[in-house]
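Comments concern the structure below.
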Amino acid sequence: MIRSMTGYGRAKRGSLTVEIRSVNHRYLDINIRTPRVLSFLEEPVSRLIAGSALRGKVDASLLVDNLAAETTRLQCNHDILGGYLDAARVLEEEYGLADDLTASRVMRLPDVMATVQREMDIDAMAAQVSGITGEALLEFTAAREREGGHLASDILEKLRVIEDLTGQIELSMPESVAAYRQRLTAKMREVLENTQIDDARILQEAALYADRVSVDEETVRLRGHIAALRGMLGQDGAIGRKMDFLAQEFGREANTIGSKCSDAGTSRLVIDLKAEIEKIREQVQNIE
């Protein structure tokens with residue numbers, strides 16, 4: 001099944017949340033955003049994503065609710081607190097001042113309380129984040145596959161239209177040659193007036209014109225490209241770039257057909273053909 005390069009996945013467990021989103025890109029470009037204290041998780045998360053995505057610009061975010069509570073703790077500086085209490089006793093004994101220190105007041109004294117970094121179990125945190133990332137990747141991949149299915153259906157419909165236009169162009173060519181023969185005969189009658197017209201010469205000129213404007217080779221190749229692209233839509237893996245190259249070949253054949261067509265009716269068909277091919281090129285650039 002083909003996948004789109006556009007997708008989104010999210011998973012939350014406890015205070016940790018992992019979000020993954022992606023858009024089109026020529027190659028695989030992974031960007032991980034984590035809090036600075038959890039930067040050691042960027043590499044393992046990136047490896048997990050690389051195992052699920054082959055192309056696209058992927059942005060992943062690791063969010064932590066109340067990060068301070070998770071990574072820091074409050075600690076009392078007993079030496080400084082002891083100094084404050086000793087000074088309070090001196091003031092009380094020597095100057096008769098009342099000691100009105102309370103726990104809440106002590107905590108507000110400079111440098112008594114401080115926040116310190118918690119010791120983190122790196123392996124346990126990495127395992128937890130890996131599990132959450134795996135859940136987010138399941139949703140992310142499912143979204144890309146759903147979008148890929150929509151792209152495949154749309155491309156198949158456009159291939160049907162291209163095939164129909166190709167058939168109409170093939171049918172229009174004999175009519176174009178016949179019209180050219182009629183114009184040539186009328187022109188020769190006008191120039192030669194009463195002189196006998198050489199029918200053999202007209203047939204020869206018409207045959208040369210038919211050979212010059214023949215698009216049989218181009219339409220045969222175009223039908224081959226249609227079959228090849230249909231086959232690719234059933235393949236797995238990163239085939240978007242191959243499909244883009246093939247869509248370019250569609251365009252080359254259409255341009256060649258257009259250069260050989262001189263009548264207005266066939267030219268309109270070629271314009272419609274090119275428009276459908278361009279739509280396919282836009283769609284395949286969304287495919288992984």
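The values are calculated or read from the model by the stated rules, or taken from the named source; none is laboratory data. The structure presented is a predicted model; accordingly, all values stated were derived computationally and were not measured. Cβ sites come from the backbone with ideal geometry, for glycine too, and all protein chains shown count toward neighbours.
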Inset, instruction - Name, by its number, the condition in (1) under 44 Å from the mean Cα position of the chain (by Cα); (2) more than 20 Å from ALA11 (Cα to Cα); (3) not hydroxyl-bearing (Ser, Thr, Tyr) that does not hold for ARG89. - result: (1)
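With the condition being buried (at least 16 other Cβ atoms within 10 Å of the Cβ) and touching a residue at least 60 places away in the same chain (Cβ under 8 Å), I'd like the helices (runs of 4 or more DSSP H) fully within segment 20-119 carrying at least 2 qualifying residues.
Values: elements: 42-50, 67-71, 78-95, 103-108.
Passing ranges, in order: 42-50.
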Legend entry - Test set (1) closer than 27 Å to ARG26 by Cα; (2) modelled with pLDDT under 85 - GLU249 fails condition number: (2)
Inset, instruction - Given the conditions (1) at pLDDT 80 or above; (2) over 30 Å from THR17 (Cβ atoms), report the number of the one that LEU63 does not fulfil. - result: (2)
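So which of ALA275, ALA254 is within 20 Å of VAL220 (Cα to Cα), surrounded by fewer than 20 Cβ atoms within 10 Å (Cβ to Cβ) and modelled with pLDDT of 90 or more? Walk me through how you get there before you give the answer.
Numbers: ALA254 fails: surrounded by fewer than 20 Cβ atoms within 10 Å (Cβ to Cβ).
Every option except ALA275 fails the conditions.
Name every residue in segment 225-253 that is out of contact with any helix residue (DSSP H, G or I) (no Cβ under 8 Å at 6 or more places or on another chain), closer than 18 Å to LYS279 by Cβ and not basic (Lys, Arg), in order of residue number. Outline the logic, then answer.
First, pick out the residues of segment 225-253 that are out of contact with any helix residue (DSSP H, G or I) (no Cβ under 8 Å at 6 or more places or on another chain): 227, 231, 234-238, 241, 245, 252.
Retained after the next criterion (residues that are closer than 18 Å to LYS279 by Cβ): 245, 252.
Residue satisfying the conditions is PHE245 alone.
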